[in-house]
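In what follows, a single structure is set out as structure tokens and then discussed.
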Amino acid sequence: MIQPGQQIENYRIDDVIGEGGMGTIYRATDVNLMRPVAVKVMHQELAEDVTFQSRFLQEARAAARLDHPSIVRIYHFGRESGLLYIVMELIDGLSLGAYLRQLARLNQVVRLEETLSLVAQAADALGYAHRQGVIHRDVKPDNILVKRLDRTDRPGDPPLRAMVTDFGLAKLLEADQDTQTGLLMGTLPYMSPEQVLDLPLDGRSDIYSLGVVLYQLATGKLPLDIRSPEGAIQAHQYEEIITPREMHAGVPLGVEAIILRALNRRPENRYQTAEELAADLRRTAATLGNQEARAFAEDSDSTIVSMVTEFPTPARRLEWDMRPRELSDEGGCRVLLQNNASTHQTVTLAVETPRGGLYVDAAQKQISLVPGQQGVVDFYLQPMKRPFIGRRREWPFVIRVMPLSSPGSASEMTGQVNVRPQIPLWLGLLILALMVVLCAMTVWVLTSVSLLEGILALFGL
């Protein structure tokens, strides 16, 4: 991983902000223009693979052709010292994925007006890309950023803009259709039926994926429970989607109709262009009455919040806990971490033993977490030697948690290993007491025998 302060050509790396399927995304500064940018660097283990190189460069070339207010712009791409990288517009905002994860934790749902506006903007972006011959192939909440605006393009719209990013799985429509045969790209719950079945794709596949995003924003749930490629095939062939109003009775009929049309299994029965979807969303939003908006809020089991004013900014911090804090003799100690920050976090964990006496399998470990992700780090501790006899010994240990982005904010968690001797003190005392009793009985017996012999000799017996 590239460290803060390092430089790639004219771009100084400042911090890690995310992970993609092919690379790590850094916050950086263009030292020539002195402007903030995002730099996506291809994973080192993939950089030498010709196929992955081709896909990475394809992403850059395809995305660089796109110039739209709701698409993250590409400034530059290149190679340096074995690294492949893309320089992109830096968006100061969270992804819809980060919002959804926080909403789920807080049992909240975004206002319907904001949902319809954001999805319409994303549809605008996809429609433009499709006209340029580019399919996204991985439309999902994590690839849609939310940017706050000082003013809106359309009167009455919320001051938010959806920004579609990461065309890393994009494929030019005019490219050879055989080059990617058998390669399953995308994120399973958001993939269209034809994408799961590895059939030829067009822009209608992206429309399906955006329909899943709209369903999730409106109901807080996914339309299908998909957890594996095999499960995806079964679900798309045999399972029926639970309608949005079954999930959330307050979803207006017009919104439900839009979602179900976008999620139709057959591409010919969906919206044929993303522009059609965007137009329907805006038309429905314009006719949305106060009564329907109220019904959406009242019929929800969740609290309705606004991304503009009411929605809380996710905590820019990590949370962690250690279990267990006391170990008997030896065992595993697990640290549970939750990234509640709005950016990617890399954390170093180190075990210290102030009094020594403990062996640690690996005294230092590192973990990287994207926003909203949970992770675990396990340590195994055991005493270097066990006392032969005596009382129980307590060997303390300290686990230091050090976020790479802010080394000065390191925290400590303490625990101890309770080491029992091979022979407990009570057992040692019992053995000693038994030995004393045995010795006393032996002396008594020997003394008694000598006394008896003396008496017998006295009487001539």
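The table that follows gives values for the structure above.
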{"quantity": "Net lengthening on full extension, LEU438/SER81 (0.36 nm per residue, minus Cα-Cα)", "calculated": "120.4 nm"}
{"quantity": "GluC sites (Glu not before Pro), loop per DSSP, at most 13 other Cβ atoms within 10 Å - longest free stretch of the chain", "calculated": "311-461"}
{"quantity": "Helix-only [θ]222 nm of the chain, DSSP H runs n ≥ 4, -39500 (n - 2.57) each, per residue, nearest 500", "calculated": "-10500 deg cm²/dmol"}
{"quantity": "Charge context of LEU427, other residues only, Cβ under 14 angstrom, K/R +1, D/E -1", "calculated": "+3"}
{"quantity": "Cβ-based exposure ranking for ILE71, ILE455, ILE91, ILE207, in which fewest neighbours within 10 Å come first", "calculated": "ILE455, ILE91, ILE71, ILE207"}
{"quantity": "Length-normalised contact order of the chain in % [C-alpha pairs under 8 Å, at least 6 apart]", "calculated": "11 percent"}
{"quantity": "5 angstrom amide H check on LEU84, placed H, neighbours 5+ away", "calculated": "MET42"}
{"quantity": "Crossing angle, helix 96-106 versus the chain [Cα axis fit, 0-90 degrees, rounded to tens]", "calculated": "50 degrees"}
{"quantity": "Rounded to 10°, Cα long-axis angle of helix 50-64 versus longest principal axis of the chain", "calculated": "50 degrees"}
{"quantity": "Relative counts (whole %) of C-alpha pair distances in the stretch 7-89, using bins that are 5 Å wide", "calculated": "3, 16, 27, 26, 20, 8, 2"}
{"quantity": "Potential lengthening between LYS365 and ALA64 on full extension [0.36 nm per residue; Cα-Cα distance subtracted]", "calculated": "104.5 nm"}
{"quantity": "Taking the C-alpha atoms of the stretch 15-153, convex hull volume expressed per residue in Å³", "calculated": "141 Å³"}
{"quantity": "GLN6-LEU430 FRET efficiency (beta carbon distance; Förster radius 60 Å; 0.05 resolution)", "calculated": "0.35"}
{"quantity": "At most 14 other Cβ within 10 Å, DSSP loop - trypsin sites (Lys or Arg not before Pro), the stretch 351-393", "calculated": "ARG355, LYS385, ARG391, ARG392"}
{"quantity": "Length released on extending from LYS221 to SER328, taking residue separation times 0.36 nm less the Cα-Cα span", "calculated": "34.2 nm"}
{"quantity": "Efficiency of FRET between ASP153 and ALA257 - r from beta-carbon atoms, R0 25 angstrom, step 0.05", "calculated": "0.45"}
{"quantity": "C-alpha long axis of helix 425-458 to longest principal axis of the chain, angle in °", "calculated": "20 degrees"}
{"quantity": "Computed FRET value (nearest 0.05) for GLU48 with ASP92, which takes r as the C-beta separation and R₀ as 41 Å", "calculated": "0.75"}
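No value in this document is a laboratory result; all are computed from the given coordinates. None of the values given here were measured: they were computed from a predicted structure. A quick note on method: Cβ atoms are made from the backbone with ideal geometry, for glycine too, and the neighbour counts reach across all protein chains shown.
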